[in-house]
Amino acid sequence: MALLETRGLSKSFGGLKAVSGVDLKVQPGTVHGLIGPNGSGKSTFFNLVTGVYQPDPGSHIEFDGHDITNLQAHGIAALGMARTFQLLRLFSEMTVLENVMVGNHCKTSYGIVESLLGTSRVRQADQKMKEEMLDLLEFIGLANFADIPAGELSGGQRRLLALGRAIAMKPKLLLLDEPGAGLSPVNVDKLMETILSLKERYKLTVVVVEHILKVVMSTCETISVLDHGQKIAEGPPEMIKNDHAVIEAYLGRELPDEEIRNAIRGQ
Amino acid sequence: MISFITNFTSAIESLAKVHRLLPWLIAYVLLLFLPNLITATFGEYYVDLANRCCLFILLAVGLNIVKGFCGQVTVGHIGLYAIGAVTSALLAQNYGLPFWLSAPLAILVTCFAGLVVGLPSVRLEGAYLALATLGLGESVRIMIAVTPALGSSTGIMMIPAPTIGDYVIESFDHYFYLVMTAAIIGIYFSFVILNSSTGRAFKAIREDVIAASVSGINVPFYKLLAFVISAIYAGLAGALFAHMPPGYLHHNNFTVIEMVTLLLMVVLGGIGNIWGGVVGAIVVTVIYDQTKDYYFYQPLIFGITMVFLVVFMPRGIGGVIEQAIVKRKFIEKHEEQNLGTS
C-alpha cells in the first residue's frame, strides 16, 4: 500500500491552475523524486500535501491510511509528515537546540496544563528530549552550535538544521523542497549522503524536489515529472531520461522549419 | 559590564543546582526587607511607588508572554487590567466577598475577556491586530466611564482592603509583601512557561507561523492560550490594584496613555526578555512618577523615546545584553575549536 497517495489533486489561484488533477503514489521506504521546470507546481504540491494550502474540492489525499484532504497543517504533522522549505523558514532567534525541540513538539509527553505549572515530570521529559535532540544534532554535525541562535549559522549549516528540525518530528514521510539550493556541487553531494544516511537511520520515506537532475537521477528510485501543474511522466530514472514529454518540458519542442516560418508570419 | 552579568548569572546557576527554587527564595527573603529600607531612606511614599512597580512588573511580564514570546501585537492589555480591577472591586463591594475570593473570580472573568481580545489574532496580524485589540481595550475603559454601576466619572471608592483573619492589609509596606509575592510568583511562572514546550511553541509562532504549523503546532490554539495566560497576569494585577490602599480606582487609570507606558516598559526592557521587562517596568514607573510635575510633556517624551528605541535599539536593554552574551559564547566556542584543531 502506498504511504502517500493523491487522487485528482488540484489547486487554482484565481484563474491559474497551479496543480491540476495530479495522481501520485509514494511507496514506503523509497526515495521519490519530483521534478519539473520552474512554476510547474512542485512547491504548491508540497504545500497542498502538508496542509499549508487547502486543495480544491474533488481532490483526495491519503497518508498512511488516513484521509488528510481537509486536515490542517498541525494535524497532518502529528500523523508523521515532515517537510523542509525552499527558503528554510528556520526560527532564527531561537537556539539551534530549541529549533529541533520545536520539531519534536508532537512527541511531547506532557500536557499543556502541566507545562504551565512546570511539574517535575515536565523537567524530566524535557531533559530526556534535550539529550535525544543533542544526539540528533551530533549526527548531523551541529552539536557544537546547540546554544547559538539559528540565525547566526552559515548557509550550509542552516540547511542541515532545517533538515534536523524535520527529522526531529520522527516522521514517516519526509518532504524535501530543494534541499541543495544554493550549495556548491560538492556540498550537494555531501548533503545527499547525509539525507540517505538519515533515511536509513530513521527508516524514512523521502520525497525530494530538486533542480539538480544529476542528484535526482542518482538517488531516486522513482521520479514524477510535473509541468504546468500536470503530471507528464513517472517512472525509474532511466525511463525519465529518455521520455519525450519530459525533454520537451525542459528544453522546448523542436519545430519543423515550415511551422517556424508560419509562426513568424503570424499565421 | 557584560562580564559582571555573566559572572552573576553563573553564580545564580550554581545556586540553582543546589535546588532550582533556591535563587528565588533568596531573592524573596531579601525583598522582604525592602519596605523598611525604602521607608528609612526615602519615606513611606516610595513604598507605594514600589507597590505600583510590582503591579506594572506583573503587567509587563504578562504582556511579554503574548507580545514578546508569541509575537502578537496587542494594545488591549490595559483593558484586561481594567476588567480585573473593576470585577474584583465590585465583587468585594457589592457582594462582600473577601479579596481571596474576589481576586480569583476576577482573574477568571479576565481570562474570558482575554480570550475575546485574542480572537482577532486568529485572522489578523501586525498593525491590524493592534487596531482590533486597541478597540477592544479602549471600549472597556469607555464602558467603565459611562456606566454608573462600574464607577463612571467618580470612580469606585472605599474598596475593602484584603484581610487575613482579623488583620487588614491596609498599610503600604504590608501591601508590598502581597504585591511582591505576586510579582515574584508571576516572574517565576513566566520562566517555567518559557522553558516548556508551550513556550517554545509561542516562540516558534513568533518566528514563523507556517514553519510552526508544519512542525505540528496548533497555531490558533497557542495564540489564544498566550492571550489567556497574559490575561491571568493582567487580571491579578488589576485585582491587586483595586484593593491597594487607598482602595480607589478610576477609569483614568486605564487610558491608552497607560497602555503606551506599558508598551514602553516592554520595548525598553527588551521584547521577549523576561528580566528586561521587569527592569523596564521599574525604570519607567519610577521615571513616570518622578516627572509628574511635567505631566503635560510626559506623553510627548515617552512617545519620542519609544520611536528612538524602536529605531536604534529595537531589542531593548535586555536584547542588547543578551546579544552581547551570545556573541561572547560564539567567540569562545570558535576559539575552543581553533585550539582543538591547531
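The values are calculated or read from the model by the stated rules, or taken from the named source; none is laboratory data. Not measured: the values here are computed from a predicted model. As a convention, Cβ positions derive from the backbone with ideal geometry for all residues, glycine included, and neighbour counts pool all protein chains shown.
Points to keep in mind about this one:
- Being farther than 30 Å from B:P98 by Cα, of a type outside the set (S, T, N, Q) and within 14 Å of chain A (Cβ to nearest Cβ) is a description that does not apply to B:L264.
- For region A:180-187, the condition holds for no residue, the condition being that it is farther than 16 Å from A:L88 by Cα, at the interface with another protein chain (Cβ under 9 Å from one of its Cβ atoms) and over 19 Å from the mean Cα position of the chain (by Cα).
- Hits in region A:121-141 (condition: aliphatic (A, V, I, L, M) and within 13 Å of another protein chain (Cβ to nearest Cβ)): A:V122, A:A125, A:M129, A:M133
- Residue among B:G151, B:G186, B:G165, B:G126 that is at pLDDT below 90, surrounded by 17 or more Cβ atoms within 10 Å (Cβ to Cβ) and not hydroxyl-bearing (S, T, Y): B:G151
- Residue within region B:66-73 that is among the polar types (S, T, N, Q) and closer than 30 Å to B:I325 by Cα present: yes
- Condition broken by A:L79, with the remaining ones in (1) more than 9 Å from chain B (Cβ to nearest Cβ); (2) more than 22 Å from A:P28 (Cβ to Cβ) satisfied: (2)
- When region B:177-211 is filtered for residues that are at the interface with chain A (Cβ under 7 Å from one of its Cβ atoms), assigned to a helix (DSSP H, G or I) and of a type outside the set (K, R), the ones remaining, listed by number, are B:V192, B:I193, B:S197, B:T198, B:A201, B:A204, B:E207, B:I210, B:A211.
- B:M158 meets each of the listed conditions (1) surrounded by 14 or more Cβ atoms within 10 Å (Cβ to Cβ); (2) outside any helix (DSSP H, G or I) apart from (1).
- Hits in region B:277-298 (condition: free of Cβ contacts under 8 Å to residues at least 60 places away in the same chain and within 20 Å of the chain's Cα centre (by Cα)): B:V279, B:V283, B:I287, B:Y288
- Selection count where residues are surrounded by fewer than 20 Cβ atoms within 10 Å (Cβ to Cβ) and under 20 Å from B:F202 (Cα atoms), scope region A:67-87: 3
- In region B:212-227, the residues that are farther than 20 Å from A:G164 by Cβ, of a type in the set (A, V, I, L, M, F, W, C), touching a helix residue (DSSP H, G or I) at 6+ places or on another chain (Cβ under 8 Å) and within 10 Å of chain A (Cβ to nearest Cβ): B:V219, B:L225
- All of (1) surrounded by fewer than 21 Cβ atoms within 10 Å (Cβ to Cβ); (2) facing chain B (nearest Cβ under 9 Å); (3) touching an Asp or Glu at 6+ places or on another chain (Cβ under 7 Å) hold for A:G118 with one exception: (3).
- One residue stands out among those in region A:82-109 that are more than 7 Å from chain B (Cβ to nearest Cβ) and of a type in the set (S, T, N, Q): the one that is farthest from the chain's Cα centre (by Cα), which is A:S109.
- Restricting B:T6, B:T87 to those that are among the hydroxyl-bearing types (S, T, Y), over 30 Å from B:I159 (Cβ atoms) and in contact (Cβ under 8 Å) with a residue 40 or more places away in the chain reduces the list to B:T6.
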